[in-house]
Amino acid sequence: LLSPPRRRRWWTGTAMAMMTTSLGALTSTFAKSCSLTSASMLAAFQARRNIMAGSMVDVVDNSGALKAKVIRVQKYVATNKGKAGLGDKVTASVRQSNLKSSTRIPKGTVIHGVVVETRAHTRRLDGSRVRTGRNSIVLVKKDGSPMGTRVNAVVPVELRAKNKHGLRICNIADKLM
């Protein structure tokens, strides 16, 4: 009484690719016709969320921590389902720290951070997609200012339109993408 496996239709992937391409072209044409400002265009990016509780992330600032484990995604609502994407704030625990750093954060310290790189792609308004090879965060204080003075990663431009934490992080970043 086993049912046969479901057959995939040959047009499913092709139709989805065509719809995505036409949607990207339509969106960029709409943005040009409405003469939107760069800040409002950046706010319309779509980020896939893939960092959740238990994920190991790299710390890419010079605060002294090297690796951290995500404990909780901040502002858990039904839309993000407990997953963090680019620019979202997370609570993490330090798992590995740099012994030679002057601002050494001891192992086991609970910290807050903002996601700056994800393995999942982020779709820009012009239809292009950006992704990096790792999941990483920048440590921030309670008021949102970064703990470190330098960010050792290429930070996406979309981060500055996300929230006030992103703007401060973009100011101390070496390179923007």
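The values are calculated or read from the model by the stated rules, or taken from the named source; none is laboratory data. Fair warning: this is a prediction, and the values are worked out from it, not measured in the lab. All Cβ positions, even for glycine, are placed from backbone atoms using ideal geometry, and neighbour counts span all protein chains on display. Calculation scope for accessible area: heavy atoms of the full protein, side chains included, ligands and nucleic acids excluded. Shrake-Rupley method; radii C 1.70, N 1.55, O 1.52, S 1.80 Å.
Accessible surface ranking for L86, L176, 1.4 angstrom probe, highest first: L176, L86.
Quick one: with all protein chains in place, what share of the accessible area of the stretch 44-177 is carbon or sulfur, to the nearest percent (1.4 Å probe)?
Details: 3460 of 6870 Å².
After summing per-atom areas, the C and S share lands at 50 percent.
Of the cross-linked pairs K67/K107; K141/K175; K75/K107, those separated by over 20 Å at the C-alpha level are K141/K175; K75/K107. Sum up the charges of everything whose Cβ sits under 10 Å from the Cβ of G87, counting Lys and Arg as +1 and Asp and Glu as -1, but leave G87 out. So the environment of G87 carries a net charge of +1.
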